[in-house]
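Reading through the structure tokens given below for one structure.
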Ligand code: ADP
Ligand code: MG
Ligand code: MG
């Protein structure tokens, strides 16, 4: 049962309209903004980032559980990124059929063969969860995936609480008896922390932090939040695309990276996670150049590969986590408790078993290729159809299978440009940001750095904010 927000929608239509106007203006006022699709590379016309009208309820215990496990996920991702043997074994089947992962893997090998120039690693990741309602009354935290590359919205989400705090204040101060925000009053609305997030980029020196950005920069304000935090600390940033690096990038004999004549201390990747981000061979060469360089990469290629869905599936196999945390059974337990069922589709009896199970009950699973950015996963009839097509060939190894998570639906109103104002039955996904810096073998910083709540209408199986499906939200802790 979805939890109610408004007692009577019709009677409240005017009120909702008023509140929606306030919410949009407050979002704009506090920089919760995006560019418009009509002009993705200009800020002459901007709009509010899609957001819910109200915060959505999230159980306190699961929220704090997700925050607490984050430092261990940081450690895990970092350990995997350094374990060439593990990555090779984990991805061996995938890279025989998935060209994109294979190219990334090749860069990883080239870097290792030459020897890494830089011993400092900067990690900024986001582990995403849904709360599975399998145990009635006690939803369990289940990881959807971890994004180790271009994890977005740390910037905007540090400003979204302004919107919902004001809305809750208006409801309270105007004594609107018809509005029950999830049946409760005005609990704490926590915020993400772009300040904490960006502190970790600020260790660098005179050279610049280069933001490697997309062709179309709809979500520029999210990145500007981080840039602003760096500028406050007298750190220069430059925004560059792959083509800028391929045209003007070079390495000196010490493998220092220069782009447009300036030395780059840190490459912060916000682009390069999808095949279509690489429009030419030169773009791939630019990626290789950056990876080979002395610049600190955020993330480096090993960390990028550690975030693949295939690695996620391999980690769920018995004994694998134990190898990474040999003397820390509690850490293993803490991480493992967030795993959903994950199944291999490799050739052999285990993969055959997965296929048989998925074809029998497709509604219970999600079929995932090694892709990012939303909208790539397969469900239900489509899942069945694709599995039928690939089940006899190696093509199936490009995918993994995962248990479908069923979060408790909540009611909310999604504010999206040109979309009607209506109450929707929604599903929430909680993201937790992790940051770390390692120098050689020493972890010099390892933190949980805030959170993100994204909410989508339950009619969509897949898709994030960038895909136009989910919107920003805040957890109302219950
Ligand atoms: P991407 O890297 O493209 O974001 P995700 O694994 O996060 O891939 O999947 C995209 C979206 O699909 C998620 O935001 C979530 O809404 C939905 N989804 C993914 N995995 C599951 C799952 N196991 N159960 C339910 N929904 C899922
Ligand atoms: Mg992802
Ligand atoms: Mg995702």
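Of note:
- Within the range 377-390, tally of residues that are farther than 19 Å from residue 340 by Cα and either near ligand 1 (Cβ under 10 Å from one of its atoms) or surrounded by 14 or more Cβ atoms within 10 Å (Cβ to Cβ) (or both): 4
- Count of the range 442-464 residues which are in contact with a helix residue (DSSP H, G or I) (Cβ under 9 Å, 6 or more places away or on another chain) and in a loop (DSSP other than H, G, I, E, B): 1
- Positions within the range 391-403 being surrounded by fewer than 18 Cβ atoms within 10 Å (Cβ to Cβ) and touching a residue at least 12 places away in the same chain (Cβ under 8 Å), in sequence order: 391, 394, 395, 403
- Within the range 212-257, the residues that satisfy the criterion of being touching a helix residue (DSSP H, G or I) at 6+ places or on another chain (Cβ under 6 Å) and within 27 Å of residue 276 (Cβ to Cβ) are 222, 225, 226, 237, 242, 245, 246, 249.
- Residue that is crowded, with 16+ Cβ neighbours inside 10 Å and within 26 Å of the chain's Cα centre (by Cα), where the choices are 275, 299: 299
- Unique residue being more than 16 Å from ligand 2 (Cβ to nearest atom) and outside any loop (DSSP other than H, G, I, E, B) when the list is 124, 141: 141
- Looking only at the range 455-470, and only at residues there that are at pLDDT 90 or above, near ligand 1 (Cβ under 9 Å from one of its atoms) and more than 18 Å from residue 382 (Cα to Cα), the one that is surrounded by the fewest Cβ atoms within 10 Å (Cβ to Cβ): 469
- Scanning the range 110-121 for residues that are modelled with pLDDT of 95 or more, under 21 Å from the mean Cα position of the chain (by Cα) and within 16 Å of ligand 1 (Cβ to nearest atom) turns up nothing.
- Checked against the criterion of being touching a helix residue (DSSP H, G or I) at 6+ places or on another chain (Cβ under 9 Å) and without any contact (Cβ under 8 Å) to a residue 24 or more places away in the chain, the range 117-125 has no qualifying residue.
- Pick from the range 440-478, criterion within 13 Å of ligand 3 (Cβ to nearest atom) and farther than 18 Å from residue 424 by Cβ, ranking: farthest from the chain's Cα centre (by Cα): 466
- Unique match (being within 15 Å of ligand 3 (Cβ to nearest atom), under 18 Å from residue 354 (Cβ atoms) and out of contact with any strand residue (DSSP E or B) (no Cβ under 7 Å at 6 or more places or on another chain)) among 370, 384: 370
- Taking the range 293-308 as the range and being more than 16 Å from ligand 2 (Cβ to nearest atom) and touching a helix residue (DSSP H, G or I) at 6+ places or on another chain (Cβ under 7 Å) as the test, the residues that pass are 297, 300, 301, 302.
- Residue 440 being on the phi > 0 side of the Ramachandran plot and within 16 Å of ligand 1 (Cβ to nearest atom): no
- The range 300-341: number of residues that are touching a strand residue (DSSP E or B) at 6+ places or on another chain (Cβ under 7 Å), within 30 Å of residue 265 (Cα to Cα) and within 15 Å of ligand 1 (Cβ to nearest atom): 2
- Total residues in the range 119-145, condition closer than 18 Å to residue 303 by Cβ, crowded, with 20+ Cβ neighbours inside 10 Å and more than 16 Å from ligand 3 (Cβ to nearest atom): 3
- Scan of the range 347-368 for residues that are crowded, with 18+ Cβ neighbours inside 10 Å and either over 17 Å from residue 388 (Cβ atoms) or within 15 Å of ligand 1 (Cβ to nearest atom) (or both), ordered by number: 354, 358, 362, 365, 366, 367, 368
The values are calculated or read from the model by the stated rules, or taken from the named source; none is laboratory data. What you see is a predicted model, and the numbers here were worked out from it, not measured in a lab. Neighbour counts run over all protein chains shown; Cβ positions are idealised from the backbone, glycine included.
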